[in-house]
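Visitor: First the structure, then my questions, so here it is.
The values are calculated or read from the model by the stated rules, or taken from the named source; none is laboratory data. Bear in mind the structure is a predicted one, so any value in this text is a computation, not a measurement. FYI the Cβ positions are ideal-geometry reconstructions off the backbone, even for glycines, and counts take in every protein chain you see. Heads up: the accessible areas ignore ligands, DNA and RNA and are worked out on the full protein's heavy atoms, side chains in. Shrake-Rupley method; radii C 1.70, N 1.55, O 1.52, S 1.80 Å.
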Amino acid sequence: DIYDEMERSYPARDNSCMITINPRRSSQLLYPEEHPREHPVAMARRLGILPGGQWKPLNCHPLFNVAIILPYRNRQTQLTIFMNYIHPFLQAQNLDYRIFVIEQSPVREFNRAKLFNVGYAEATKVNDFHCFIFQDIDLIPQNPDNIYACTKMPRHMSSSVNTFRYNLPYSGLFGGAIALTRKQFERVNGFSNVFYGWGGEDDDFYSRLQSKGLQVTRFGPDIAQYYMLIHNKEPPSSARFENLENSAKRYDTDGISNLEYRVLNHQLRPLYSWILADV
Ligand code: BGN
């Protein structure tokens, strides 16, 4: 039962918010590219979103306290589509949430995993977040029951993506969108910082979880459906194989324990907290 799998951030009490998870509800057929777009200021006002992309329900006590971390560079259209879509989606789940966009400064190769570590570190300075969602900006959750909160075990949320014809390509895939409690994330020393360029960082993270005996969980493929926004494929990095071979040697020394970066700029934007980081 999915309810039993959830890891609550706050204890249940009178007037706790309800969460609805109905595995039999079929996912919405939708094309996020065609989702209506609203001016960020108008949207924030209409939906009661606080500066920095923060919201919580006022008519009930939320059960989940979540930071959503999005690594970013040069994907303005996707960012707009994502924000227009995700706020109503998260509000319907009655979450206490805040969205962080972590932008990598030019010119070094993109380092998705290290940006996640930066997001974790910066979010933790703002609030004592209990649960973290680490996800790509191009992934749109299609089922409203795919709850953006943590489970007792680290969860792979995007196991069913349209670009993989809604099949899991391999059982160790842990990329796309994942949910971990702060405790689970700290237990594995976060992500490796050495994966510059495309590929392998999620496989490295999966092996970290395994090394600590953390079994990953997934909801059913009907719930875990995502639509990937169309973009050009990144060329894979050639360093990823060697980095993966040496994974185990770095678990304890490479991660949030040795994280170094510089925040070059930050703003509380209407729909998200923006952090520009040199990693
Ligand atoms: C894998 C990538 C992952 C990526 C998935 C899905 C590597 C490591 C060398 C085998 N892993 O092949 O990072 O998330 O594809 O695209 O490239």
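Visitor: When the range 121-135 is examined, which residues are found to be touching a Lys or Arg at 6+ places or on another chain (Cβ under 8 Å) and within 29 Å of PRO221 (Cα to Cα)?
Guide: PHE129, HIS130, CYS131, PHE132
Visitor: Could you count how many residues in the range 170-189 are in contact with a strand residue (DSSP E or B) (Cβ under 9 Å, 6 or more places away or on another chain) and within 16 Å of the ligand (Cβ to nearest atom)?
Guide: Going through the range 170-189 one residue at a time, the tally reaches 6.
Visitor: Of everything in the range 100-113, what is in a helix (DSSP H, G or I) and open to solvent by less than 20 Å² (accessible area, probe 1.4 Å)? Give them in sequence order.
Guide: Listed by number, the list holds a single entry, ALA113.
Visitor: Just checking, which of SER207, SER211, SER192 is surrounded by fewer than 22 Cβ atoms within 10 Å (Cβ to Cβ), farther than 24 Å from PRO88 by Cβ, hydroxyl-bearing (Ser, Thr, Tyr) and within 14 Å of the ligand (Cβ to nearest atom)?
Guide: From the options SER207, SER211, SER192, the qualifying one is SER207.
Visitor: For residues in the range 80-99 being surrounded by fewer than 19 Cβ atoms within 10 Å (Cβ to Cβ) and among the hydrophobic types (A, V, I, L, M, F, W, C), which is farthest from MET228 (Cα to Cα)?
Guide: Restricting to residues being surrounded by fewer than 19 Cβ atoms within 10 Å (Cβ to Cβ) and among the hydrophobic types (A, V, I, L, M, F, W, C), the top hit is ALA92.
Visitor: Quick test of your reading of the structure: VAL216 fulfils all but one of (1) without any contact (Cβ under 8 Å) to a residue 12 or more places away in the chain; (2) surrounded by 17 or more Cβ atoms within 10 Å (Cβ to Cβ). Name the failing condition by number.
Guide: Every listed condition holds for VAL216 apart from (1).
Visitor: When GLY199 is evaluated against the numbered criteria (1) within 30 Å of PRO144 (Cα to Cα); (2) open to solvent by 20 Å² or more (accessible area, probe 1.4 Å), which criterion, by number, is the only one it fails?
Guide: Condition not satisfied by GLY199: (2).
Visitor: Can you say whether GLN104 is touching a strand residue (DSSP E or B) at 6+ places or on another chain (Cβ under 8 Å), within 23 Å of VAL279 (Cα to Cα), within 13 Å of the ligand (Cβ to nearest atom) and polar (S, T, N, Q), as far as the supplied structure shows?
Guide: no
Visitor: Which members of the range 132-146 meet the condition of being part of a loop (DSSP other than H, G, I, E, B) and within 22 Å of GLU186 (Cα to Cα)?
Guide: Answer for the range 132-146, where residues must be part of a loop (DSSP other than H, G, I, E, B) and within 22 Å of GLU186 (Cα to Cα): just ASP136.
Visitor: So, PHE129, is that one assigned to a loop (DSSP other than H, G, I, E, B) and surrounded by 18 or more Cβ atoms within 10 Å (Cβ to Cβ) or not?
Guide: The answer is yes for PHE129.
Visitor: Give the range 139-168 a look and list any residue that's farther than 18 Å from TYR3 by Cα, out of contact with any Pro (no Cβ under 7 Å at 6 or more places or on another chain) and open to solvent by less than 10 Å² (accessible area, probe 1.4 Å), or say none.
Guide: LEU139, PRO141, GLN142, SER158, VAL161
Visitor: To continue, here is another question. Look at the range 158-169 and say how many of its residues are of a type outside the set (S, T, N, Q) and within 13 Å of the ligand (Cβ to nearest atom).
Guide: Residues flagged as of a type outside the set (S, T, N, Q) and within 13 Å of the ligand (Cβ to nearest atom) within the range 158-169 amount to 4.
Visitor: Consider only pairs whose beta carbons are under 8 Å apart and that are at least six residues apart or on different chains; among these, list those whose first residue lies in the range 178-201 and is touching a residue at least 60 places away in the same chain (Cβ under 8 Å) and closer than 30 Å to LEU63 by Cβ and whose second residue is part of a helix (DSSP H, G or I) and within 12 Å of the ligand (Cβ to nearest atom).
Guide: VAL188/PHE205; PHE191/ALA113; PHE191/GLU201; PHE191/ASP204; PHE191/PHE205
Visitor: How many residues does the range 133-151 contain that are under 23 Å from GLN210 (Cβ atoms) and either within 16 Å of the ligand (Cβ to nearest atom) or in contact with a helix residue (DSSP H, G or I) (Cβ under 6 Å, 6 or more places away or on another chain) (or both)?
Guide: Total satisfying the criteria: 4.
Visitor: If a residue has to be exposed (fewer than 12 other Cβ atoms within 10 Å of the Cβ), in contact with a strand residue (DSSP E or B) (Cβ under 9 Å, 6 or more places away or on another chain) and either among the small types (Gly, Ala, Ser) or in contact (Cβ under 8 Å) with a residue 24 or more places away in the chain (or both) to count, how many in the range 235-263 make the cut?
Guide: 1
Visitor: Give me the helices (runs of 4 or more DSSP H) completely within the range 183-279, filtered to those with at least 1 residues that are more than 16 Å from ARG112 (Cβ to Cβ) and aliphatic (A, V, I, L, M), ordered by residue number.
Guide: 201-211, 247-250
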